[in-house]
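The values are calculated or read from the model by the stated rules, or taken from the named source; none is laboratory data. Owing to the predicted nature of the structure, the values given are computational and were not obtained by experimental measurement. As a convention, Cβ positions derive from the backbone with ideal geometry for all residues, glycine included, and neighbour counts pool all protein chains shown. Calculation scope for accessible area: heavy atoms of the full protein, side chains included, ligands and nucleic acids excluded. Shrake-Rupley method; radii C 1.70, N 1.55, O 1.52, S 1.80 Å.
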Amino acid sequence: RFDTDTIKFDTGGVTRVTLTGGNVIQQSGTFIVKNAVSDSNGLKISQESSNESRIFNHYTGPITFGIANTEKLRIDSSGRLKIGTNATPTQSGALNVFGTDHTTSQVSIRRGSADANGPSIVMLKNRNTDDSSHTVIQDDDELGKITFGGNDGAGPEYAARISCFVDDTPGGNDMPGRLVFSTTPNGSDTLAER
């Protein structure tokens, strides 16, 4: 039906889609973009009753985002977030950033607040696979690491690593730790504790 500067599509006496002033407003349900008439799946955009917004690709391919018809970000079928690359990474991390200069190949964390606190990177280890549950970790468990490496012409090799381990038995409000610094000597491809 038509109103002033508006087209509305109704089914069952309820407005489902509204076109107004160049905007498309989905009134209820799920908005689906399909690549063939017979497909029941596709790109789905929905607002769930639990106040959860969703964008899903119901096929096995990635979801990509771009500017000026150039891809800038991708979520691949394994759930990896890739920025600046659509290649299968040599490292299997959940976040992959690739760039060709000092600005596009860095991760920047900034904090603006009128206090003495700065930005941080937090690594936490839990022995429970459910992120909402808590299982105490053990002596000598690795809590996290930062690894530095380079390509030797055949693939990535590690040159240095800073690791954090539990340094005794942890308990209530007690988390003893140690830092281990390792480097790879010339002529080797194995990190050695220093």
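Some points to look at:
- Residues in the range 98-107 include none that are surrounded by 13 or more Cβ atoms within 10 Å (Cβ to Cβ), out of contact with any helix residue (DSSP H, G or I) (no Cβ under 7 Å at 6 or more places or on another chain), outside any strand (DSSP E or B) and hydroxyl-bearing (Ser, Thr, Tyr).
- In the range 152-194, of all residues being within 22 Å of residue 139 (Cβ to Cβ) and of a type in the set (Val, Ile, Thr), the one that is surrounded by the most Cβ atoms within 10 Å (Cβ to Cβ) corresponds to 166.
- Here the condition is being under 30 Å from residue 185 (Cα atoms) and open to solvent by less than 90 Å² (accessible area, probe 1.4 Å); of 115, 140, it holds for 140 alone.
- Neighbours by Cβ (under 6 Å, 6+ apart or cross-chain): first from the range 173-194, in contact (Cβ under 8 Å) with a residue 24 or more places away in the chain; second surrounded by 11 or more Cβ atoms within 10 Å (Cβ to Cβ) and of a type in the set (A, V, I, L, M): 183/160; 184/159; 184/191
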